[in-house]
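Here the structure is laid out as structure tokens; the discussion comes afterwards.
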Amino acid sequence: DVPAAFDESMVRTLMVVVPQISSSFANIGLYNHLRASEKKYRSLVDGIPDVVYICDREWNIIEANPAAESLFGQNIVGSTLPNLFASRNAASMFAASVQQSRIVQNFETELLRNDGKRIVTLLSCVKDGERYSGVIKDMTERTRLMEQVTHSQKMESIGTMASGVAHD
């Protein structure tokens, strides 16, 4: 006579508990996958040389990658995006564009650093429900180089014109 390993009460309990345990193990796998995905995302965003930001619906900056501190000379989390604009008019135009089309790319404007210095930037933004996220690309050096090239070309033209006049 072999005693039953589980009585009927234990079998009912196991029938309830085993699916919950199985679901918990599946959730652990999903959680580990989510954690690995978050680590990859964070590594990518933190390594980008452009500013990546996330704002709430009032344009309060709630997240920004390390490039933001390098560009602005301070941590911008807690600031509002419109307060970074050198021009209130440009800030209003940018916000209106995002509200209207939900996606704005390469909005050229000047933003202000912590020290008051103006920086030429291209802003991109996506409205996703209650949040705005986007990228700020510093174009200051590129703009300065373009101005130098333009100035050099003007000087070359003036030189050519002066030489033509002198020749005549």
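Just need a number here: residues in segment 75-85 that are touching a residue at least 12 places away in the same chain (Cβ under 8 Å) and loosely packed, with under 14 Cβ neighbours inside 10 Å. Residues flagged as touching a residue at least 12 places away in the same chain (Cβ under 8 Å) and loosely packed, with under 14 Cβ neighbours inside 10 Å within segment 75-85 amount to 1. Please verify whether Ser23 is of a type in the set (Ser, Thr, Tyr) and open to solvent by less than 60 Å² (accessible area, probe 1.4 Å), treating the condition exactly as stated. Taking the combined requirement at face value, the residue satisfies it. Screening segment 94-115 for residues that are more than 17 Å from Asp56 (Cα to Cα) and touching a Phe, Trp or Tyr at 6+ places or on another chain (Cβ under 8 Å) and picking the one that is most open to solvent (accessible area, probe 1.4 Å) gives Asn114. Across segment 129-141, the qualifying residues are those that are touching a residue at least 12 places away in the same chain (Cβ under 8 Å) and of a type outside the set (Ser, Thr, Tyr), and the one among them that is nearest to Ala90 (Cα to Cα) is Ile136.
Can you report the number of residues in segment 116-130 which are open to solvent by less than 100 Å² (accessible area, probe 1.4 Å) and either in a strand (DSSP E or B) or aromatic (Phe, Trp, Tyr) (or both)? Of the residues in that region, 9 qualify. For the condition out of contact with any Phe, Trp or Tyr (no Cβ under 6 Å at 6 or more places or on another chain), under 20 Å from Ser79 (Cα atoms) and either outside any strand (DSSP E or B) or open to solvent by 40 Å² or more (accessible area, probe 1.4 Å) (or both), Ser133 qualifies. Being loosely packed, with under 12 Cβ neighbours inside 10 Å and modelled with pLDDT under 90 is a property that Arg88 lacks. Of the residues making up segment 35-75, those that are of a type in the set (A, V, I, L, M, F, W, C) and either at positive phi or at pLDDT below 85 (or both) are Leu44, Trp59.
The values are calculated or read from the model by the stated rules, or taken from the named source; none is laboratory data. Being a predicted model, the structure only gives us computed values, none of them experimental. Note: ideal-geometry Cβ built from the backbone for every residue, glycine included; neighbour counts use all protein chains shown. What goes into the accessible areas is simple: the full protein's heavy atoms, side chains included, and nothing from ligands, DNA or RNA. Shrake-Rupley method; radii C 1.70, N 1.55, O 1.52, S 1.80 Å.
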